[in-house]
Amino acid sequence: MTPALRHVTKISSLSPKEIKGVLKLALEMKARPADYWDALKRRTLLMFFEKPSLRTRVSLEAGMTSLGGHGIAYMTGDSPVGEKESYEDTGAVLSRMCDAVTARVKSREQVTGLAENSTIPIINALDDYAHPMQMLADLQTIVEHKCDGDVEGLTGKSLAFVGDCQNNV
């Protein structure tokens, strides 16, 4: 049975239980990377970048390689996306060529457009509203350093973001 299609466009795309599951898996993978060397064998992630990136691009490419998959960084600077091609059409086209897409774009509407006609997961890597990938990474760091590696230590905690909301929502 094929699991239902899921997009992660904001952190609330995942339930608290799902967030804890993602964090548990991330901690396990970090502790035992050799057990996951081929977890994404023959899988392709398109990393769609409308905004510049260093850490996100490198971490996604390195992660895909470490898991046996392939990451393609696509910079939209020379692209017809948003002009000749809609984000909705782009989501449909990418669905035929890739297994998942991360999208670092300028607006919420662009992430929504990619997801609307996509048959593969679209994961928001930063838009003008949300940055769920960064939130998950921050939660993992909190679990590792403040909760003794136990994701249940997050229960009941309140978090506040202080910083540059323009680039790290």
field: Matching option when the condition is aliphatic (A, V, I, L, M), free of Cβ contacts under 8 Å to residues at least 60 places away in the same chain and out of contact with any His (no Cβ under 7 Å at 6 or more places or on another chain), among L23, L5, L14, L54
entry: L54
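Of all residues in segment 136-150, which are of a type in the set (A, V, I, L, M) and surrounded by fewer than 21 Cβ atoms within 10 Å (Cβ to Cβ)? Give the derivation first.
Quick first cut of segment 136-150, residues of a type in the set (A, V, I, L, M) only: 136-137, 139, 142-143.
Answer for segment 136-150, where residues must be of a type in the set (A, V, I, L, M) and surrounded by fewer than 21 Cβ atoms within 10 Å (Cβ to Cβ): L136, A137, I142.
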Where a residue in segment 61-85 is in a helix (DSSP H, G or I) and its partner, wherever it lies, is surrounded by 12 or more Cβ atoms within 10 Å (Cβ to Cβ) and of a type in the set (D, E, K, R), with Cβ under 7 Å and at least six apart: T76/E50
- prompt: Which members of segment 95-110 meet the condition of being open to solvent by less than 60 Å² (accessible area, probe 1.4 Å) and in contact with a helix residue (DSSP H, G or I) (Cβ under 8 Å, 6 or more places away or on another chain)?
  reply: V101, T102, A103, R104, V105, Q110
message: Need the failing condition index for N117 against (1) open to solvent by 30 Å² or more (accessible area, probe 1.4 Å); (2) in contact with a Lys or Arg (Cβ under 8 Å, 6 or more places away or on another chain), just the number.
response: (2)
- prompt: Taking segment 1-58 only, how many residues are open to solvent by 70 Å² or more (accessible area, probe 1.4 Å), of a type in the set (S, T, N, Q) and closer than 30 Å to G153 by Cβ?
  reply: 1
- request: Can you give me the number of residues within segment 47-87 that are farther than 13 Å from V105 by Cβ and not hydroxyl-bearing (S, T, Y)?
  value: 21
message: Among (1) at pLDDT below 95; (2) within 21 Å of T76 (Cα to Cα), there is one condition K157 misses while meeting the rest; what is its number?
response: (2)
field: Selected residue [in a helix (DSSP H, G or I) and of a type outside the set (V, I, T)] from A115, A103
entry: A115
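Output the number of residues of segment 86-101 satisfying the condition of being without any contact (Cβ under 8 Å) to a residue 24 or more places away in the chain and of a type in the set (A, V, I, L, M, F, W, C). Please lay out each step first, then the result.
Pass one, segment 86-101, residues without any contact (Cβ under 8 Å) to a residue 24 or more places away in the chain: 93, 96.
Those left that are additionally of a type in the set (A, V, I, L, M, F, W, C): 93.
Counting residues in segment 86-101 that are without any contact (Cβ under 8 Å) to a residue 24 or more places away in the chain and of a type in the set (A, V, I, L, M, F, W, C) gives 1.
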query: Hey, any hits in segment 75-92 for a residue that's farther than 24 Å from D128 by Cβ and surrounded by fewer than 16 Cβ atoms within 10 Å (Cβ to Cβ)?
result: no
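The values are calculated or read from the model by the stated rules, or taken from the named source; none is laboratory data. Here the structure is a predicted model, which is why all the values come from computation and not from measurement. Note that we place each Cβ from the backbone using ideal geometry, even for glycine, and neighbour counts take in every protein chain shown. Please note that ligands, DNA and RNA were not included when accessible areas were found on the heavy atoms of the full protein model with its side chains. Shrake-Rupley method; radii C 1.70, N 1.55, O 1.52, S 1.80 Å.
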